[in-house]
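We did not get these values from a lab; they are worked out from the coordinates using the rules stated. Remember, predicted model here, so these are calculated numbers, not experimental data. Cβ placement follows ideal geometry from the backbone for every residue including glycine, while neighbour counts extend to all protein chains displayed.
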Amino acid sequence: MTQPVLEFGHIDKSFFGAKVLKNISFVVPSGTIVGLVGENGAGKSTLMNILSGILPADAGWMKLNGISFAPHRPSESALAGIAHVHQELNLFPNLSAAENLFIADFPKQRPESLSLIDRGSLQSRATELLKQVNLDVDPGTLVEKLSPGQKQLLEIAKALKGDPLVVAFDEPTTSLTQPEADQLFIIIRQLKEQGIGVIYISHNLGDVMRLCDQVVVLRDGEIQGAGDSENFTIPDLIQLMVGRELETLFPERRNAPQDEAVIQMHSLSQPGVVHDVTFTLRRGEILGISGLMGSGRTELARILFGLDSYNQGQILVEGEVVSALAPRKCVDLGMAFLTEDRKLEGLLPSAGIVENMTLVGLERFGSRFLGVLKRATLKDKVEEVVRELSVDYRNIELQSVQTLSGGNQQKVVLGKWLLGGSRILLLDEPTRGVDVGARYEIYEKLVELADEGVSMIVISSDLEELVGLCDRILVMSRGEIRASVDRQDFDRKEMLQAAFGEERLT
């Protein structure tokens, strides 16, 4: 049997009297990929923070290559050979890719006592690291100019820099397109071949089953199941994670989309962004937009919501030509934009649930004459939406949204727009970083809204999500629509070919 490179023994951890980890014991053999899965709040990140020296365990022990291991700070963990690719990127946007890679240990010119950075060595060593993760950017590029996927790959390159014994990946594919994720899996398998132990945390259970040799399932801070991945099915994992069966991840539609056009876009172009884009969104339709990173998906949504400009073409909403688009005007037209970065663009993290959910529709709860806020009515309505979305919270007014899990935060963002009366939803990566249970609840709500006549455009890097949820999928490549495919004609291979720009389908 392969010797364990890392061992967890009877780990306990509590916060304010509430136990979040209970008697966690498992091993990571060298040259093995161990999948760690569970819903948000199951304890995965807490366990990884203990491993990384960010938090101390209350009880229990760890061993690294058979030697007792109890880091008191992240630097100790890193020096011992633990690399942690966090879900929340830890990069300096105003520095270059190379500077971020070597932020803690810049190569120095001789004599080193001068403390001058050896720029030539920095450039060459950074180039080698970026090549390892197939990130084709100049090392001198500022991080703020990189796409979300490129930033994720840079974070991975930074983790691989120190020849680690164990690498923990926490949701590493959330910002990656499928080809980028495939490249990441190649990198992870190479780490395995080098004898490195890998912990892989992901809500994408298909990826876990495809990649991992072993699986450990957490629920409410306890291990519910562990063993070779070949002994589990995805339904097995879901039942262990959520404590109940989900017959299918994607709810069935009751009503078909109507023929009425809600949004019509004709020959829309913006140089270097989108070119000659034409499509129609119908009443009650879930229209997916797929494509590789840089294909123009998000840029198209930003144009439609008035955040970015266009120099040619026409947009009609409810049959009326709309010019000089702006976010306020779009909101007045019943449009909503749920962006891919909910923490930066969708929420006020330190504010409460009520404050966040009323950001769009607050004026709807003012009295007709003096504009006095009807606080009781507003709170009742927020509580109603919170119940509909199954948001898990402790105090609806005092609890800040940053204390909620990723799935519950996303539900608050969605609730904000629903409370504002939005009937046209633009959803960019709506389930990024969301666990399987919350993901199902979000899908269930989106399908329910579509059945009630709400129209939506769903942008996603997860083709399986689009196939399971959408009535129709547009595939973009290089700013153009390369395919428009109805549900009965969904073909993953052809849509991927279109995303690579190999052919144009209609």
The stretch 429-470 and the stretch 109-167 have their Cα centres apart by a whole-number Å value of 36 Å
Kirkwood-based Rg to Rh ratio, the chain, C-alpha trace | 0.98
Counting DSSP beta bridges with both ends in the stretch 130-261, the antiparallel % (nearest 5) = 55 percent
Please list the equivalent ellipsoid semi-axes of the stretch 224-272, computed as the square roots of five times the alpha-carbon gyration tensor eigenvalues, in descending order and whole angstrom.
-> 43, 20, 8
The chain - share of DSSP beta bridges that are antiparallel (%, nearest 5) = 55 percent
Ranked list, fewest to most other Cβ atoms within 10 Å of each Cβ, for Trp417, Trp61 = Trp61, Trp417
Charge-dipole axis of the stretch 206-257 as Lys and Arg at +1 and Asp and Glu at -1 on Cβ define it, positive-most pick from Cys212, Val242, Gly227 | Val242
Pick out, in residue order, every one of the GluC sites (Glu not before Pro) in the stretch 418-466 that is DSSP loop and has at most 14 other C-beta atoms within 10 Å; say none if there are none.
-> Glu452
Note the direction-averaged projected area, equal to a quarter of the hull surface, for the Cα convex hull of the stretch 103-182, in nm².
-> 6.2 nm²
Rounded Å value of the spacing that divides the Cα centres of the stretch 13-36 and the stretch 377-403 | 31 Å
Neighbour-limited loop hits for chymotrypsin sites (Phe, Trp or Tyr not before Pro), the stretch 5-59 (at most 11 other Cβ within 10 Å; DSSP other than H, G, I, E, B) = Phe16
Computed over the stretch 198-260, the ratio Rg/Rh where both radii use C-alpha atoms and Rh is Kirkwood | 1.15
Given the Cα atoms of the stretch 280-423, and with Rh set as the inverse mean 1/r over their pairs in the Kirkwood sense, what is Rg to Rh to two decimals?
-> 1.00
Net charge near Asn23, counting Lys/Arg +1 and Asp/Glu -1 over other residues with Cβ under 11 Å of its Cβ?
-> +1
Setting aside same-chain residues fewer than 8 positions from Lys158, which aspartates and glutamates have a Cα under 18 Å from its Cα?
-> Glu76, Glu88, Glu99, Asp105, Glu128, Asp136, Asp138, Glu144, Asp170, Glu171, Glu180
Counting residues in the stretch 1-151 as N, plug N into 2.2 N^0.38 Å and put the Cα Rg over that result.
-> 1.27
Please state the charge dipole magnitude for the stretch 1-120, taken about the Cα centre, from unit charges on C-beta atoms (+1 on K and R, -1 on D and E), reported in debye and rounded to the nearest 20.
-> 120 debye
Once you've got the Cα coordinates, tell me which of Lys13/Lys381; Lys108/Lys131; Lys22/Lys151 are over 32 Å apart.
-> Lys13/Lys381; Lys22/Lys151
Pair-distance profile P(r), taking every C-alpha pair of the stretch 385-479, with 5 angstrom steps and integer % = 3, 12, 24, 25, 18, 11, 6, 2, 1, 0
Between the DSSP loop rule and a limit of at most 14 other Cβ atoms within 10 Å, which trypsin sites (Lys or Arg not before Pro) in the stretch 332-421 are left?
-> Arg368, Lys374, Arg394
